[in-house]
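The structure under discussion appears below in the form of structure tokens.
The values are calculated or read from the model by the stated rules, or taken from the named source; none is laboratory data. Bear in mind that the values here come from a model prediction, so they are computed numbers and not experimental data. Cβ: placed from backbone, ideal geometry, glycine included. Neighbour counts: every protein chain shown. Note: areas computed on protein heavy atoms with side chains; ligands, DNA, RNA excluded. Shrake-Rupley method; radii C 1.70, N 1.55, O 1.52, S 1.80 Å.
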Amino acid sequence: MLATIRSLGLTGIEPFAVTAEVSVSQAMPGFDIVGLPDAAVRESRDRVRSALLHSGYPFPDGRIVVNLAPAGVRKVGSLYDLPILIGLLSAQGILPEPQNAIFLGELSLSGEVRSVDGVLPMLLGAAGLGISSAFIPAGNAAEASAVQGMTVYPVAGIGELVCFLRKETTLLPVSDCAFEEAAGPPLADFSDVKGQQVAKRALEIAAAGGHNVLMIGAPGTGKSMLAKRLPSILPEMHPEEAVETTKIYSAAGLLPPGVPLIRNRPFRAPHHTVSTAGMCGGGSIPRPGELSLAHNGVLFLDELPEFQRPVLEALRQPLEDGTLTLSRAQARLSYPSRFTLVAAMNPCPCGYFGHPTRSCTCPEVRIERYLDRVSGPLLDRIDLHVEVLPVGYDLLSSRRQEETSAEIRARVTNARGIQDRRFGGLGIPCNAEIPPPMLPRFCPLSPDADALLRKLFDRLSLSGRAYDRILKVSRTIADLDSSGQIELEHLNEAVQYRSLDRKYWNRHR
């Protein structure tokens, strides 16, 4: 007796088709699972046996062989419990063999169907393969509601699934269920920050154009406070961005229960002790790391020079390409990793180099060694360099109402709307992602601005990357002014955000 049940697997966030071939024969009792299963898949034998017996269904008395095809691709996780169980029931003639349907789910010993990771990306892939229906754990129903083009049934236990497949009862599809996304905690507001107008302006530009920011300042000047308020002024995610972000969190097992789609842009702030595997993704088949979990959101690196050098250098490819490629012996994966980098650091180990009122106690060699932990190539990939100065008593004690995040966000949203219309159909999400060949088309300079940039290019010894990034930042500043052309004042402001490397890193040259 042989039954074939369809399922899916996941490599990174890319799904692939899996067929569970279940054979039951009259021979010495045994239960083997082949097809490169990992430990969790091999343990399905005990879960399936117990679930069948406790649900009142017979367990075959003979030799059972389950082949998970394709046999050359490693199968990971507990999601194959349900297709194996349905295959055993079909092989015994208890159920008709399902047609054009997939099954995903982990089983408890009592027959409950438990949620698994990666349901959303797998179902999106199944819809593309022409699958008409899917049976998934009830705990994954919310994320499955984002899938169009197929009928998805949430299942709480194998009893109700067997009755439905026998056409003895009905199951309510996900599309007929109502899901209420729980409101997240309120975002911190920029009105809480006294002063720091230069830093606020830089973060507004970063939010409007998707640019990266480095804030340098003494301890207590508000760098972390400013960075944590950046999400409050970011524009809403487009539906495509929300689906892409949710896919990553689903594959990583970090999607909150009952959440159909992640609609707030992620904010990730790993500690400086994070490893390269934690930042990029780890494992023989790597799971998403911090760089991918920050996709379409913000990655905040506080105390930037304290991060390990390999961790910092791993930022280069995502900052340039918006993707992270990981090569392992068993797989080569690419995760989307397009984020806004916000980095904060002190100017020296003691934190007071260049402070207007406190003296630095660090020897010159320690200052240079500390700053050199941030490499030139990484620094060159950061668009905005901002010095965060101490705030005086009069400003801190002032009762003047600071500008709110809602007011700043309105300007950011308007600038992003201009970019959406400009890049319509080109697949460019924001100014920071303009390809270099398209810069002349999208970043026209006024004659005065062109003359200034020509002069500064030689005087400041700008690299090609720095030239491109100055143009992109200028384009964003012009968008905030609703200007179609980059004027002299827009370029002047953009150039100011590229000067701190000469104050700190190149001050002796």
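A DSSP coil position with no more than 14 other Cβ atoms inside 10 Å describes the following GluC sites (Glu not before Pro) in the range 224-302: Glu236. Reported to the nearest whole Å, the Cα centre-to-centre distance from the range 330-389 to the range 124-158 is 46. Summing charges over all other residues whose Cβ lies under 12 Å from the Cβ of Gln317, with Lys and Arg as +1 and Asp and Glu as -1, gives 0.
Please compute the net charge surrounding His490, taking Lys and Arg as +1 and Asp and Glu as -1 over other residues with Cβ under 9 Å from its Cβ.
Taking every other residue near His490 into account, the sum is -3.
The angle separating the long axis of helix 239-252 from the principal Cα axis of greatest extent in the chain is about 60 degrees.
Shown in residue order for the range 465-482 are the 3J(HN,Hα) couplings computed by the Karplus curve 6.51 cos²θ - 1.76 cosθ + 1.60 at θ = phi - 60°: 5, 4, 4, 4, 6, 5, 5, 5, 5, 4, 4, 5, 4, 5, 5, 5, 8, 6 Hz (x for Gly and Pro). Remark: the chain carries 43 Å² of accessible area per residue (probe radius 1.4 Å; ligands, DNA and RNA excluded). Note on Asp189 and Leu2: with the Förster distance fixed at 56 Å, the Cβ-Cβ geometry gives a FRET efficiency of about 0.35. The modelled label-to-label distance for the pair Gln308/Phe457, using points 7 Å beyond Cα in the direction of Cβ, is 4.1 nm. Taking the C-alpha atoms only, the angle from helix 44-54 to the longest principal axis of the chain is near 50 degrees.
Once the Cα-Cα distance is subtracted from the 0.36 nm per residue extended length, the Arg465 to Val65 segment shows a gain of 138.2 nm. Full extension of the chain between Ser133 and Arg366 gives 77.5 nm of extra length, using 0.36 nm per residue less the Cα-Cα distance. Distance between the pseudo-spin-label points of Thr151 and Arg358 (7 Å out from Cα toward the beta carbon): 6.8 nm. With contributions of -39500 (n - 2.57) from each DSSP H run of at least four residues, the per-residue ellipticity at 222 nm computed over the chain stands at -10000 deg cm²/dmol.
Please say if the range 393-509 is rounded, prolate or oblate, where rounded means a/c under 1.5 for a ≥ b ≥ c the square roots of the C-alpha gyration tensor eigenvalues, and otherwise the choice is prolate for a/b larger than b/c and oblate otherwise? Oblate, because a/c is 1.5 or more while a/b does not exceed b/c.
Spin-label model, Asp321/Ser334: points 7 Å from Cα along the beta carbon direction are separated by 0.7 nm. Sequence-ordered 3J(HN,Hα) estimates for the range 352-369 from the Karplus curve with 6.51, -1.76 and 1.60 and θ = phi - 60° stand at 10, 5, x, 5, x, 10, 10, 8, 7, 9, 8, x, 4, 5, 5, 4, 5, 5 Hz, glycine and proline given as x. Can you tell me the 0 to 90 degree angle between the C-alpha axis of helix 81-91 and the longest principal axis of the chain, rounded to 10? The angle comes out at about 20 degrees.
Under 8 Å for C-alpha pairs, at least 6 residues apart: give me the relative contact order for the range 63-128, rounded to a whole percent. List each step's numbers first, then the result.
Working: 45 pairs, mean separation 18.1, N = 66.
So the answer I get is 27 percent.
Stretching the chain fully between Asp394 and Val274 yields a gain of 39.3 nm (0.36 nm per residue, less the alpha carbon separation).
Of the GluC sites (Glu not before Pro) in the range 115-209, which ones lie in a loop per DSSP and count no more than 12 other C-beta atoms within 10 Å? When the GluC sites (Glu not before Pro) of the range 115-209 are filtered for loop state and at most 12 Cβ neighbours within 10 Å, Glu168, Glu180 remain.
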